[in-house]
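A short worksheet on the structure shown next.
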Amino acid sequence: MENKMFCYQCQETAGCSGCTQRGVCGKTPEIAAMQDLLIYVTKGISEVTTRLRKEGKEVSKNINHMITTNLFTTITNANFDEHSIVSRISKTLEVKSNLIDMLNNKENLSDAALWEGSNIEEFKSKSKMVGVLSTKDEDIRSLRELIIYGLKGLSAYSKHANVLGQDNAEVDAFLQSALAKTLDDSLSIDDLVKLTLETGKYGVDGMALLDKANTSAYGNPEITKVNIGVRSNPGILISGHDLRDMEMLLKQTEGTGVDVYTHSEMLPAHYYPAFKKYKHFAGNYGNAWWKQKEEFESFNGPILMTSNCIVPPKDSYKDRIYTTGATGFPGCKHIDGKSGEEKDFSTIIEHAKKCLPPKEIEKGEIVGGFAHNQVFALADKVVEAVKSGAIKKFVVMAGCDGRAKSRNYYTEFAKAIPKDTVILTAGCAKYKYNKLNLGDINGIPRVLDAGQCNDSYSLAVIALKLKEIFGLDDINKLPIVYNIAWYEQKAVIVLLALLYLGVKNIHLGPTLPAFLSPNIAKVLVDNFGIAGIGTVEDDIKLFF
Ligand code: SF4
Ligand code: SF3
């Protein structure tokens with residue numbers, strides 16, 4: 001069958017090789033084409049900004065933000081709105097052409113830097129030539145895409161930091177130069193492997209930036225019990241990763257009689273001191289992203305998506321979905337707002353008032369808030385438990401959740417690990433085991449949730465601190481093993497960040513990325529000991 005599209009950026013890609021007719025995620029060939037073109041023109045503008053910097057000219061924050069938002073828009077399950085992607089392409093082309101005028105040296109710019117198009121027909125015909133498969137060599141393609149997916153994840157984290165007024169000009173400059181390098185046919189496999197590791201370095205910096213942005217705005221996460229039941233008022237459900245949206249929604253709903261609940265990756269908002277003062281901040285509703293068809297139905301009230309993951313909504317609740325930031329879905333209302341500006345959520349609040357309260361689907365509490373500061377506060381206890389042998393091992397199980405049945409492995413694995421083992425987690429992967437009541441070791445819970453996927457940074461900081469406390473010369477000598485679940489491109493930047501920090505023998509599942517060609521997978525296996533997963537039984541033997 002002829003390819004109508006080609007995308008292999010996420011773990012759920014069709015047949016573990018690539019979506020060619022329609023995305024498993026719901027992405028249509030038309031959206032895929034416009035996303036391909038958006039990436040292409042964003043590479044083009046990045047080549048121009050990189051050259052401008054070399055000429056000593058300044059690139060404005062607005063342009064940096066445009067580039068990161070473009071990449072963020074193409075992350076799995078972020079934006080299904082062709083219209084919004086097309087307008088991003090047009091805007092990028094306009095800005096790019098102005099920037100080219102500012103260059104002293106306009107020689108040898110690539111086709112991506114020079115290409116112009118003014119209407120949808122031109123966009124459609126160009127998109128056919130610039131997709132993933134336009135790189136013919138499968139190993140070069142594999143590395144280019146690995147880098148681009150890492151940069152997409154980095155962009156998402158940068159964007160969340162940017163809205164809190166935090167920027168790192170070096171991260172933006174690297175991101176753009178690396179993106180431009182994915183156009184450069186003179187780069188060898190070795191050059192691209194080096195660039196991949198460098199992407200990991202900036203991944204660490206990007207996550208550190210977001211950590212600083214979140215903690216300086218909202219305080220350090222602290223141990224928190226989060227209610228997973230419901231109250232009797234109408235509610236608004238907020239999903240995704242953007243804490244600035246969270247803050248604005250809490251402020252604007254105060255005193256309105258509408259409660260606010262978190263969903264999926266927004267759960268860790270409860271761990272921040274600044275949000276605890278809101279009495280109407282009711283709890284967390286539901287589970288990871290992929291269960292939203294049932295859970296959004298029963299929530300009854302409006303839902304605000306601040307980032308991925310959107311599952312194409314059913315008609316029965318589609319009118320209750322609102323998007324903002326990089327997200328979009330055709331037919332769902334989008335709440336605009338420039339970076340850092342106050343958004344107006346009054347439409348959602350008025351909508352909520354007319355809705356029934358959420359239907360209860362669970363009862364009880366979950367515990368989280370174990371980001372670096374909180375764990376350091378417990379450091380004596382943790383070190384003592386390790387020294388006494390009460391804790392024998394930590395297993396990092398951070399990452400993403402997904403709908404594949406094979407992911408039940410993570411639930412079974414969490415149940416099967418020895419009782420003297422502590423799980424360190426972050427990201428929506430935790431929903432596979434955070435309601436199992438795995439108990440504690442001398443008061444230390446056996447599942448320590450640091451927060452969102454970007455808070456994997458916290459797990460790295462904790463590992464580095466333990467290395468220092470135990471006087472080790474190698475992070476791999478710690479009693480920590482890594483069994484990470486991945487789904488979308490934020491997990492790619494987390495993985496590259498861990499590789500950059502020197503972490504070896506990471507197990508990645510439920511399947512290895514389809515975008516790793518056999519040769520590139522071998523490079524990762526040989527140099528970093530990357531491996532897949534086996535059966536729970538075999539892996540328990542292997543790890544413990
Ligand atoms: Fe397929 Fe994943 Fe791409 Fe969606 S994001 S089209 S599921 S590979
Ligand atoms: Fe989850 Fe989409 Fe990746 Fe932030 S919300 S971890 S999958």
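The values are calculated or read from the model by the stated rules, or taken from the named source; none is laboratory data. What you see is a predicted model, and the numbers here were worked out from it, not measured in a lab. Positions of Cβ are backbone-derived with ideal geometry, glycine not excepted, and every protein chain shown enters the neighbour counts. Quick note on the areas: whole protein, heavy atoms, side chains included, nothing else; ligands and nucleic acids left out. Shrake-Rupley method; radii C 1.70, N 1.55, O 1.52, S 1.80 Å.
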Response to the item:
Given a Förster distance of 25 Å, the FRET efficiency implied by the Cβ-Cβ spacing of C16 and E537, rounded to the nearest 0.05, works out to 0.65
Fill in: Cα-centred dipole magnitude for the stretch 292-380, charges only on beta-carbon of K, R (+1) and D, E (-1), debye, nearest 20
320
Worksheet, complete the sentence: In terms of the charge dipole of the chain, which places +1 on Lys and Arg and -1 on Asp and Glu at the beta carbon, the residue among A385, H507, G399 farthest towards the positive end is A385
Practice prompt. Work through the residues other than E2 whose Cβ is under 15 Å from its Cβ and net out their charges, Lys, Arg +1 and Asp, Glu -1.
Written response: +3
Worksheet entry | Burial order of peptide ranges 28-34, 521-527, 323-329, 153-159 (average beta-carbon count within 10 Å, highest first) | 153-159, 323-329, 28-34, 521-527
Fill in: Cross-link pairs K359/K405; K419/K467; K277/K430; K276/K314; K124/K490 - those with Cα-Cα distance over 31 Å
K276/K314
Item to complete: Take every Cα pair under 8 Å in the chain that's 6+ residues apart, average their separations, divide by the length, and report that relative contact order as a whole percent.
Response: 17
Worksheet item: What size of dipole, in debye to the nearest 20, comes out for the stretch 14-217 about its Cα centre when the only charges are +1 on Lys and Arg C-beta atoms and -1 on Asp and Glu C-beta atoms?
Response: 320
Practice prompt. Can you tell me which of 213-226, 490-503 comes out highest on packing, and rank the rest after it, using the mean Cβ neighbours within 10 Å?
Written response: 490-503, 213-226
Item to complete: Roll a 1.4 Å probe over the protein chains and send me the accessible area per residue for the chain in Å².
Response: 38
Fill in: Unit charges at the beta carbon, dipole of the chain: most positive-side option, I45, H263, C355
C355
Worksheet item: Using a probe of 1.4 angstrom, how much of the accessible area of the stretch 14-217 is carbon and sulfur, in percent?
Response: 49
Practice prompt. Heavy atoms only, probe 1.4 angstrom, no DNA, RNA or ligands counted: give me S118, S125 ranked by accessible area, highest first.
Written response: S118, S125
Discussion item. Given a 1.4 angstrom probe, I'd like the percentage of the accessible area of the stretch 387-446 that is carbon and sulfur, rounded to a whole number.
Written reply: 52
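In debye, nearest 20: dipole of the chain around its Cα centre with unit charges on the Cβ of K, R (+) and D, E (-)?
1060
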Worksheet item: Toward the positive end of the charge dipole of the stretch 14-217, about the Cα centre and with charges on Cβ (Lys, Arg +1; Asp, Glu -1), which of N105, S188, I147 goes farthest?
Response: I147
Fill in: Computed [θ] at 222 nm, deg cm²/dmol, the chain (DSSP H ≥ 4; -39,500 (n - 2.57); rounded to nearest 500)
-14000 deg cm²/dmol
